[in-house]
Structures are given as structure tokens and as C-alpha cells.
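Since the structure comes first, as C-alpha cells, the remarks are kept for the end.
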Amino acid sequence: NKVFEKVKAKDLKLNYTKSIPHSTTFIAEEDAVLSYKDRLRIALQADGINSKWTRSDGEVLNRGVNGGATHIIRLTKERKIERIEYLLSKAGIKFSKSPTSSKNEFVYRFHYEHGFNCKDLSWIYSKNLNKQMCQDIIEEVIQWDGSIRKNNSQAVLYCSTDKRNIDIIQSIALLAGYKTQITKSVDNRKDTYKDYYRLSIRKDVNEFLGSQSFTKTEVPYSGTVHCLTVPSGGLITRFND
């Protein structure tokens, strides 16, 4: 009857009368908005680099300390070109746009923030998150480093060689109320090649599933047990990604 009750796993009866939460209901007291500068950070992580220069002693430094361009983005896809110009304009950031020798490729240079590591998404955790903002983050991420499954707009894919960023986006997708799973492609052709990760995200998730579709297994364990406490009493766990 959609009434929550806490039952120890060993005592839970797996049948059609009991349902188990299958996605989060993330409630935040504060309003939060994903700004245009935040969206630009997501674009930079996908397609941008920090603009750098090398001193005579070999030390590599970030450019832009005196107001010059701090970041560079190279783009060929028309939808991404339109998107980056839209975000830069809305964020009030001046930029230069130059064609390259490659067909339909353009280079954008602009001053964003000196020393900001554009390849790291951990800044997301410093935001006042709510469910809508998490959903907006996923939508922006998919525009730059993702894809939508054919014939199913509710199934999207985020790809990266950076496992840390994969983990961050997975946690945001969970707070958005979505179902996720990570798969890994090992690339051992050369030492310089990186493993590739795919994060599958399903938006059309049932909030509850009948417990008859679950199985229980008791596993022997010896070691430290941690007691976690949060205000709601609800925890999300991850197993094998």
C-alpha cells in the first residue's frame, strides 16, 4: 500500500505483497539552477583543454593569468558548434573562433578561469544539488559526451576514459531518479591506450519493483562493518558498478 517499513534482509519475504524501492526520490530543500557557466564546464570536460605554455626551464604553466585565453575547444559537429556559441553568449564570455586545416573544424579560445582543470567533474559535488538540477546535468552531459539510443529517448549513454568522471555522473544520474550500469572495455593494444567506460542510463524507471523479482543470498563475511547514518535513514549502495 506504498507505506514504507524497515525490515531486516533476512526477514524480508520476497512475494508480490512487498515492493522494493528501485530508484531514488531525491528531495532537497533549496532551489538550485545549473548555470550557463556550469554547462560550459561540462562542455569543456568533453571537448576542451587547458591552454598551456612551457617556460625556458621546462616548467609547464596554465595560460591566462593576465586575462588571456585559459581554455580551448575544437569542434566539427554543427550541433556542438551552435551549442558552445550559445553557452558562451549566455555566460557573457568573449571568445575567438578560428577555422583549422581540417574540414569543418573550428577552434574556440576564451578566458574562463585561470588554473581551472576542465577535465575534472568533481566540482559538481560543490553545488547545491536537487533532483531537477541532477536531471539537467545529465541532459547537458549527453549533448557533449553521450548518445541517445535509437528508437528510445529514455535510454542514453555517457562515455569516458576517466573512471572518476564516470562514477560522478553515475551518482548524479541516481539522484536524478534514473537506473544506471557501467561497462568497461579494456584496451591493451598499447601502454598509452586507456580503458574505455560506458555508463548506461535509463530514465523510464519504475519507482518500485515487486520483491518477487529479487533474490536473496547469504554471504559469509569477516571484517570491519561500518554503521552509516543519514537523516532520511535511506542509503543507496553500489555493487559491481
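The values are calculated or read from the model by the stated rules, or taken from the named source; none is laboratory data. Owing to the predicted nature of the structure, the values given are computational and were not obtained by experimental measurement. So basically every Cβ, Gly included, is an ideal-geometry build from the backbone, and we count neighbours across all protein chains shown. For the accessible areas, the whole protein counts, side chains as well, though only heavy atoms, and no ligand, DNA or RNA atoms are used. Shrake-Rupley method; radii C 1.70, N 1.55, O 1.52, S 1.80 Å.
The alpha-carbon atoms of the range 153-199 define a convex hull whose volume equals 64 cubic angstrom per residue. For the range 1-84, applying the loop criterion from DSSP together with a ceiling of 15 other beta carbons within 10 Å to the chymotrypsin sites (Phe, Trp or Tyr not before Pro) yields 4, 16.
Counting only protein heavy atoms, what percent of the accessible surface of the chain is carbon or sulfur at a 1.4 Å probe?
Working: 7840 of 16260 Å².
The nonpolar share, carbon plus sulfur, comes to 48 percent.
Let me have the relative contact order for the range 1-154, percent, based on Cα pairs under 8 Å that are six or more residues apart. Intermediate results must be reported in sequence, preceding the final value.
Values: 171 pairs, mean separation 43.3, N = 154.
The normalised contact order for the range 1-154 reaches 28 percent.
The slack between residue 213 and residue 62, meaning 0.36 nm per residue of separation minus the straight C-alpha distance, is 49.0 nm.
Give me the Å³ per residue figure for the convex hull around the C-alpha atoms of the chain. Mind showing how you got there, number by number?
Numbers: hull volume 54.6 nm³, N = 241.
In the chain, the Cα convex hull volume per residue is 227 Å³.
Taking every lysine pair in the range 67-114 that is 8 or more places apart or spans two chains, those with Cα atoms closer than 19 Å amount to 6.
With a 10 Å cut-off between alpha carbons and a GNM built on the chain, which of 52, 37, 203 moves the most? The residue with the greatest mean-square fluctuation here is 52.
Can you pull the percent of Cα pairs in the range 177-241 with separation above 19 Å?
Numbers: 1317 of 2080 pairs.
That fraction is 63 percent.
Could you compute the net charge surrounding residue 12? Neighbours are other residues with a C-beta less than 12 Å from the C-beta of residue 12; K and R count +1, D and E count -1. Result for the local shell: +4.
Net length available on complete extension from residue 239 to residue 15 is 78.3 nm, with 0.36 nm assigned per residue and the Cα-Cα distance removed. What the Kirkwood sum gives for the range 1-90 is a hydrodynamic radius of 18.7 Å, with every pair of different alpha carbons counted. Label-to-label distance for residue 31 and residue 107 is 4.2 nm, based on points extended 7 Å past Cα in the beta-carbon direction. What does the C-alpha gyration tensor say about the overall shape of the range 32-172? Classify as rounded when a/c is under 1.5, otherwise prolate if a/b is larger than b/c, or oblate. It comes out prolate by the Cα gyration axes. Taking the chain as a Gaussian network of alpha-carbon nodes connected by springs under 10 Å, the highest mean-square fluctuation of the residues 74, 55, 39 belongs to 55. In the context of the full set of protein chains, residues of the chain present 67 Å² of accessible surface per residue (probe radius 1.4 Å, heavy atoms only). How would you classify the range 104-210 from its alpha-carbon gyration tensor, with a ≥ b ≥ c the square roots of the eigenvalues: rounded for a/c under 1.5, else prolate if a/b is greater than b/c, otherwise oblate? Taking the square roots of the gyration eigenvalues as a ≥ b ≥ c, the range 104-210 is oblate. Gain on full extension, evaluated as 0.36 nm per residue between residue 225 and residue 22 minus their Cα-Cα distance, stands at 70.6 nm.
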